[in-house]
Structures are given as structure tokens and as C-alpha cells.
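Note sheet for the following structure.
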Amino acid sequence: MNFWEKNKIGVFGSAGGSEMDSCKESARVIGREVAHANGIICTGACPGLPHEAALGANENDGIVLGFSPGLNMNDHINNHKFSATPYILTFTGMEKKGRNLICTRTCDAGIFISGRWGTMNEFTLMCDEGDDKVIGLLAGSGGFVDGKIIPALNETEKQSKAVIVINDDPIALVKEIFQHLTEIKRL
């Protein structure tokens, strides 16, 4: 299977804050499981829970694409204060919201852990892109996932065309996402 035929799984969530301690291991597990399933992790190349998933994938020799908001390596490291490892970096030069669009469009699926406004932005982008996308929500992770996103799913008039999976077990969540991606690709 060549590089671009592999499933690309975005991991989106809190870059910092109180959720870090309680969700850090779940993010690592998600990264390891995606790598184990021969998927590619995609993140905004930022710190926090997405970085933990990147580190987890790296532990299993997984591939990690990082979509930097920076213009170049200097901007990425010195201005944004983001790590260069373990990523294959794409420098968007589009700041955080601009890189979110590129990252979500690259992904076949996205996993959302806790999060705040940036995570909500990534979630709405994935929902709007909908067709042939799978969205996984890690229930019990707190933040916007539990406080705003999951409650809003039944209240919205416009439903996403994406398949939405909710699970509080990170391993089961990754497996469900890959099952749905297999079904979508068969159609």
C-alpha cells in the first residue's frame, strides 16, 4: 500500500489545560492504535493531546504528518514554539485556523479529544466536509467534546454527512473508525 492509500487519521484536541493529565494516556493509545492499523496520524503539529497521539504513533513506528501554521521551520519552532519531531512537516504559513482546513481536508477521519475553540473549529470543518469522512469522539474526555459537541449532535437541524462514532474506549474508538473507513472505501 503506498503512502497516500493509507488511512489518514487526524487527532484534534486540547493543546494545554487541565485535560492534559487525564487524557494524555488516551491520546498516546490512540496514536499507537492508528499506527498499529497502518494508518497515518495527522495533526496541526502543535503541543498537547495531538502531540501525545503523534508520540504514541511514533512509538509504533507510525507516520505522523504535521500541518504547521508556520511559514518555515524557524517560524514553527521559534514563533509558534512547536516541536519539529516526530513530524513530517508541511509549512502552511496560514496560522492556526488556515492550517486546520488543510489538515481536516487531508484526513479520512478525525478523532476529537476534549478540546476548546480550536478543536470546535476542526470539528465543524470535518462535519462540513462530511462526505466519506468518519468522525470519532472520545466520550468522557471533557472539554468541548463532552460539554458542547456531543450534546449538540441531537439539537442541530443540519446533520453532517460524516459518520460519527462516539466511544469512551480509545482502542474501541480507533477500531470502529477503521471499520467504517473500510466500508466507505468498498462502496
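The values are calculated or read from the model by the stated rules, or taken from the named source; none is laboratory data. Just so it is clear, the model here is predicted, and its values are computed rather than measured. Cβ: placed from backbone, ideal geometry, glycine included. Neighbour counts: every protein chain shown. The protein model used for the area step is the full one, side chains on, heavy atoms only, and it has no ligands, DNA or RNA in it. Shrake-Rupley method; radii C 1.70, N 1.55, O 1.52, S 1.80 Å.
Given springs between every Cα pair under 10 Å in a Gaussian network model of the chain, which of I171, I77, I135 has the largest fluctuation?
I77
Can you classify the stretch 135-187 as rounded, prolate or oblate using the Cα gyration tensor, where a ≥ b ≥ c are the square roots of its eigenvalues, rounded means a/c under 1.5, and otherwise it's prolate if a/b beats b/c and oblate if not?
Verdict is oblate for the stretch 135-187.
Pop out the ³J(HN,Hα) list for the stretch 48-64 in order, Karplus 6.51 cos²θ - 1.76 cosθ + 1.60 with θ = phi - 60°, rounded to Hz; leave Gly and Pro as x.
x, 5, x, 5, 4, 5, 4, 5, x, 4, 4, 4, 9, 6, x, 8, 10
Report, in debye and to the nearest 20, how large the dipole of the stretch 48-187 comes out about its Cα centre when Lys and Arg carry +1 and Asp and Glu carry -1 on their Cβ.
On the way: 13 positive and 18 negative charges, 69 e Å.
Once rounded to the nearest 20, the dipole reads 340 debye.
Quick one: how many lysine pairs in the stretch 33-187 have C-alpha atoms under 23 angstrom apart, if they're 8 or more apart or on different chains?
Number of lysine pairs found: 18.
Using Cα centres only, tell me the gap between the stretch 144-187 and the stretch 20-90 in whole Å.
Using only Cα atoms to place each centre, the spacing works out to 21 Å.
Per residue of the stretch 135-142, what does 6.51 cos²θ - 1.76 cosθ + 1.60 with θ = phi - 60° give for ³J(HN,Hα)? Whole Hz please, x for Gly and Pro, Karplus curve as stated.
10, x, 10, 7, 5, x, 8, x
Given Cα pairs under 8 Å that are at least 6 residues apart, what percent is the relative contact order of the chain?
In percent, rounded to a whole number, it is 21.
Per residue, what accessible area does the chain have, given a 1.4 Å probe and all protein chains present, in Å²?
Per residue, the chain has 47 Å² of solvent-accessible surface.
Decide, for the chain, between rounded, prolate and oblate: order the square roots of the alpha carbon gyration tensor eigenvalues as a ≥ b ≥ c, take rounded if a/c falls under 1.5, and otherwise choose prolate if a/b is larger than b/c, else oblate.
Rounded shape, in that the Cα axes give a/c under 1.5.
Determine which residues of the stretch 92-109 fall in the zone a paramagnetic label at W4 would reach in this model, i.e. backbone nitrogen under 17 Å from the point 7 Å along Cα→Cβ.
Correct set: 102-109.
Which cross-chain or sequence-distant (5 or more) residues have an amide H under 5 Å from the amide H of I40, H modelled 1.01 Å from N in plane?
N7, K8, I9
Report in % the part of the accessible area of the chain that belongs to carbon and sulfur, leaving out ligands and nucleic acids; probe 1.4 Å.
50 percent
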